[in-house]
Structures are given as C-alpha cells and as structure tokens.
Amino acid sequence: MGHQARERVRQEILAEVGPAVDTLVEAVRRDVPAYRALDGSRLPEVRAIATWVLTRSLELWVGGGDFTPAELARFRAIGAARAADGRPLPAVLRAYRVAATALLDHLSAHTADLLEVQDVLALTRLWLSGLDALSESLYAGYSAAAERLSGDRNRALRDLLDDLLAGRHSSAGAVADRTARLGVRLPDPYCLLVAEPDPGRPAAPEATAAATAAALADGLAEPESGTLLMTTRGPRAVLLLPARTADALPAALAAHHWRGCAITGEPAEQIPTAHRLAADALDTAPAHAYGTDALLRDADAYVLALLGARPTAAPDRVAQAVLGPLLRPDRRHLAEALDAYLDTGSATAAADVLHLHPQTLRYRLRRIRELTGRDPRRPWQRLTLDIARNLTARRPV
C-alpha cells in the first residue's frame with residue numbers, strides 16, 4: 001500500500017499547495033535570519049523555488065529517481081543568484097534543511113493516518129540524499145558567481161550598493177562578510193546622496209546618470225573614510241559617501257547642473273530608509289525648496305515625508321532633524337526667539353513680544369541660522385521650522 005498512500009498524499013498536498021508552501025516559507029523566515037527581512041519583491045521568488053522543490057520532491061518520493069542534470073543546473077543558477085544578492089551560503093543551505101523539517105512536520109500533522117513509518121523514512125532518505133546533491137550544486141554556483149563578482153570590482157561594488165538600497169542584507173554579519181570578500185569598508189557615518197539633472201539648468205548631453213555619478217565620485221572620494229559606492233536608478237545617481245563630504249555636495253552638484261537630496265541622519269542599518277526618504281523628497285519637493293544650493297537635506301526630506309504621510313516621518317524625528325541644537329535646554333532663548341518671529345512675522349514685532357532690543361532678536365535669528373542651517377526668512381525653510389516647532393511640546397512663554 002506504500003505507493004498508493006504516497007500518491008494519495010501527494011495529490012492531497014498538491015491540491016492545496018499554497019498553504020503547504022506558506023508553511024515552508026514561514027518556517028524558513030522564522031528560523032533563518034538572512035531570510036527574515038526579505039522585502040516583498042524577493043518573497044515571490046522564494047515561494048516559487050519552494051513550490052518547485054516541494055512538487056518535484058513529492059514526485060521523486062512517489063515514483064523514485066533522482067534530480068536530473070537540468071534540475072541540478074537550476075540549483076547552480078540559484079546559488080549564483082544568492083551570491084549576487086549577498087545571502088550567505090550557510091544561510092541558503094540552512095533554509096533547505098529547515099524547509100525539509102517543515103515538510104515532514106506538515107505531513108505528520110495532515111496525513112499521519114495515511115502513511116506508515118517506512119513512507120516517512122523514505123521521504124527522509126530522499127531529502128538527505130537530495131540535499132547532498134543540491135548542496136553541491138548550490139555551492140558550485142555560489143562560488144563561481146562570488147569569484148566573478150569579486151573579479152569585476154566595479155560591477156561588484158554597484159551590486160553591493162543596489163542590494164543595500166533594496167534591503168537584501170538582513171544582518172550586519174552578512175554585510176561584513178561581503179565587504180570583507182570585496183576588500184572594502186563602508187563609510188561610517190555615511191551620507192546617502194540621490195541626485196538628478198536640475199530641470200531649470202541645461203546639462204551636457206553626455207551627462208548621463210552613470211557618467212555624473214562617476215564624476216561626483218571622483219571629486220568626493222575620501223579613501224581613508226571608507227569606500228565610496230555608486231549606482232543609478234533610471235535618470236538618477238545614487239552615491240554612498242562619507243558623512244563629512246556633505247558640505248562639498250552643493251558645489252559638486254552645481255558644477256554638473258544637477259540637484260539632489262542628501263541623508264546623513266539614518267543609522268547604518270537603515271540605508272533603505274535613507275534611500276526612500278531621499279527619492280521621495282526629490283519626487284515631491286517644490287522648486288523653491290532647493291534654494292540656492294540645489295540640495296535638500298534630512299530636515300527637508302523628513303518634512304516632505306510628513307506632508308506626504310509617509311511612515312518614515314515620525315514626528316520626533318522630524319523635530320530633531322529640523323530644530324536639532326535648538327532643543328537643548330541652554331538654548332531655550334533661541335527657541336523662544338524663533339517662536340516669536342514665526343508668530344509675528346517680523347524681527348521688530350518679535351522683539352516687542354519678548355521685551356528685547358530688535359538687534360538682540362536679529363542676533364538670535366542669526367544664531368538660529370548658524371545652528372540649524374535654516375533661514376526663517378525664506379518661505380520653504382520658514383515652513384519647515386514652523387512645522388517642526390509645532391511638533392515639539394514647547395510653546396512660547
């Protein structure tokens with residue numbers, strides 16, 4: 001009855017293959033950290049692989065045989081893809097072992113009354129022997145791709161930044177392993193720049209995103225501060241730079257008739273968040289937000305995210321990014337001067353409210369500009385300051 005029971009089990013599982021695959025994928029994501037933080041764009045691929053492996057394994061369990069050379073070649077391709085997206089090989093192999101255990105648990109829970117001990121043992125033997133062959137193929141593909149990526153250094157560095165932007169690295173260890181293999185050190189702290197042609201200024205015909213990214217990189221690279229990474233997203237250039245190069249960005253962008261958004265306040269593990277902030281800011285910023293230096297900064301990006309109801313715009317982060325130094329207790333007098341100026345609209349009226357000489361009020365406004373980089377006389381920067389101060393618990397006294 002073994003063959004008939006296995007066939008019946010196979011048919012029952014395939015009739016509801018979706019829930020079975022969900023069980024395998026959820027087990028892998030729960031038990032393998034490298035798979036836990038995969039974004040939505042990667043999960044369909046994981047599900048497709050799980051569906052194929054499950055279907056084929058059940059066929060071999062019922063009918064006998066081994067994985068074909070073509071199927072092993074497919075696993076070599078999967079191994080190469082995992083090397084390209086930075087998932088560690090031990091994590092990939094562990095994912096298959098976890099999936100095997102989950103499949104056996106699923107069979108025990110749903111078909112125990114149909115199977116005998118030898119049926120379960122047969123499936124276990126299949127997985128053990130199959131995993132050896134699959135592991136060899138995955139390892140071969142992974143190793144070959146890793147060697148190729150390390151050999152083509154420029155491409156490897158672009159691929160690294162692409163994967164960091166997409167959030168494909170789920171742990172600091174995975175990033176450390178990949179950067180060590182490439183012999184690079186990421187900038188820490190970093191500045192993430194997303195830049196595009198300034199529509200108000202004609203650019204040279206040859207100023208493609210890739211060419212401009214390379215030119216910006218040449219002018220901003222600081223080897224002692226970490227390896228500068230660059231890639232492109234359509235007409236935009238994306239660069240991961242040392243944070244201290246941020247002051248040089250306005251001049252560098254102006255030289256190429258480009259504009260951009262630079263994020264420096266996000267922690268190292270939040271590079272995907274920084275990229276979304278910058279890209280969204282470029283999508284939504286009004287022309288006058290750029291001012292004279294063609295560069296949006298953290299404060300601009302946070303305020304734009306708040307106005308667009310983006311999940312990255314937590315009110316406390318917006319207030320900190322815009323007001324920063326003014327939130328210190330010893331600078332309360334500057335915060336009060338800003339409140340009064342924004343409430344009244346002029347330095348003279350604000351001075352009257354606070355019982356100060358107008359020159360004292362103007363001096364405090366200059367200090368506010370120096371500390372925050374925001375000039376309350378400019379419409380966009382006035383708006384960002386007004387929004388941020390209303391997100392704090394302070395109120396004018």
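Considering only the range 287-303, state which residues are open to solvent by less than 40 Å² (accessible area, probe 1.4 Å) and in contact with a strand residue (DSSP E or B) (Cβ under 8 Å, 6 or more places away or on another chain).
Correct list: A289, Y290, A294, L295, L296, D298, D300, A301.
Would you please name the residue that is most open to solvent (accessible area, probe 1.4 Å), looking only at residues in the range 60-74 that are among the charged types (D, E, K, R) and under 15 Å from D132 (Cβ atoms)?
D66
Take the range 18-36 and flag every residue that is open to solvent by less than 40 Å² (accessible area, probe 1.4 Å) and more than 18 Å from A172 (Cα to Cα).
Quick first cut of the range 18-36, residues open to solvent by less than 40 Å² (accessible area, probe 1.4 Å) only: 18, 20-21, 24-25, 27-28, 32, 34-35.
The answer is G18, A20, V21, L24, V25, A27, V28.
Take A211 and tell me if it is modelled with pLDDT of 80 or more, at negative phi, surrounded by fewer than 16 Cβ atoms within 10 Å (Cβ to Cβ) and among the small types (G, A, S).
Judged against the criteria, A211 is a match.
Going through L54, L43, L14, L104 one at a time, which residue ends up being at negative phi and either surrounded by 18 or more Cβ atoms within 10 Å (Cβ to Cβ) or without any contact (Cβ under 8 Å) to a residue 12 or more places away in the chain (or both)?
It is L54.
Residue under question is A77, and the condition is that it be modelled with pLDDT of 85 or more, surrounded by fewer than 19 Cβ atoms within 10 Å (Cβ to Cβ) and part of a helix (DSSP H, G or I); does it hold?
So A77 passes the test.
Just one of R378, R317, R328 is in contact (Cβ under 8 Å) with a residue 60 or more places away in the chain and surrounded by fewer than 20 Cβ atoms within 10 Å (Cβ to Cβ); which is it?
Values: R317 fails: in contact (Cβ under 8 Å) with a residue 60 or more places away in the chain; R328 fails: in contact (Cβ under 8 Å) with a residue 60 or more places away in the chain.
Step by step, each of R378, R317, R328 is checked, and only R378 is in contact (Cβ under 8 Å) with a residue 60 or more places away in the chain and surrounded by fewer than 20 Cβ atoms within 10 Å (Cβ to Cβ).
Quick check on the range 166-189: of everything there that is farther than 20 Å from P33 by Cβ and open to solvent by less than 50 Å² (accessible area, probe 1.4 Å), which residue is modelled with the lowest pLDDT?
Here the answer is L182.
Taking L192, is it modelled with pLDDT of 85 or more, part of a helix (DSSP H, G or I), buried (at least 19 other Cβ atoms within 10 Å of the Cβ) and under 20 Å from the mean Cα position of the chain (by Cα)?
no
Checking the structure you have, find out if any residue of the range 270-281 is within 19 Å of R201 (Cβ to Cβ), assigned to a helix (DSSP H, G or I), out of contact with any helix residue (DSSP H, G or I) (no Cβ under 6 Å at 6 or more places or on another chain) and without any contact (Cβ under 8 Å) to a residue 60 or more places away in the chain.
No, that holds for no residue.
The values are calculated or read from the model by the stated rules, or taken from the named source; none is laboratory data. The shown structure was predicted, so the numbers you read here are calculated from the model rather than taken from an experiment. Note: ideal-geometry Cβ built from the backbone for every residue, glycine included; neighbour counts use all protein chains shown. For accessibility, only protein heavy atoms count, side chains too; no ligands or nucleic acids. Shrake-Rupley method; radii C 1.70, N 1.55, O 1.52, S 1.80 Å.
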